[in-house]
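I have placed the structure first, in the form of structure tokens, so that the comments after it can refer back to it.
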């Protein structure tokens, strides 16, 4: 049971929810329309319209979920990571206390940077320099956008106590419905 009850939805909101019927979407109807709309626009860009490497994005999201102790975020993005082509051992490595193989040097650098941002806000000079060996400055900033977006989502999920969705229910691309 959620810590904050799910809102009563209008018919229009129920129709919108039917395009992406996950518990997070349902809970987000507590948000003012403009905020929810902005979050949705950012989420759609990050998940479906960005040129950022999809597997790397999912590893970053999984790391944020792990560091934020968000079971819902980990659950959703385990499934989404698999959909994007991640193997189980890569997913487990992103969720481990210490980063190691089978993650590549690039993946480990990006996830160390992610951890530094989540834990310390300002990443160390070493972590920033290391990630810049692999990512352009634009990609570094997109990584920061991914980290920030999923930190916000994790905090909403954990504060509200959003329940993990039924098996097989994952975030859907509303543009494909």
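What follows is calculated from the coordinates using simple rules that are stated; it is not laboratory data. Note that this is a predicted model, so its numbers are computed, not measured. Glycine also receives a Cβ, built like all others from the backbone with ideal geometry; neighbour counts cover every protein chain displayed.
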Under the 7 Å Cα-to-Cβ spin-label approximation, residue 49 and residue 169 lie apart by a distance in nanometres of 2.7 nm
How far apart, in nm, are the 7 Å Cα→Cβ label points at residue 8 and residue 119? 4.6 nm
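Add -39500 (n - 2.57) for each DSSP H run of 4 or more in the chain, then divide by its residues: what number comes out at 222 nm, to the nearest 500 deg cm²/dmol?
Working: 9 runs with 108 residues, N = 177.
One gets -19000 deg cm²/dmol as the mean residue ellipticity at 222 nm.
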Assuming R0 = 22 Å, what is the FRET efficiency of residue 17 and residue 96, from their Cβ-Cβ distance, to the nearest 0.05? 0.05
Roughly what percent of Cα-Cα pairs across the range 78-177 reach past 23 Å? 36 percent
Starting from the Cα gyration tensor of the range 103-146, take the square roots of the eigenvalues, sort them a ≥ b ≥ c, and report rounded, prolate or oblate (rounded when a/c is under 1.5, otherwise prolate if a/b is larger than b/c, else oblate). rounded
Using only the alpha carbons of the range 1-66, what is the convex hull's orientation-averaged projected area in square nanometres? 5.6 nm²
C-alpha center-to-center spacing [the range 19-83, the range 84-153] in angstrom: 16 Å
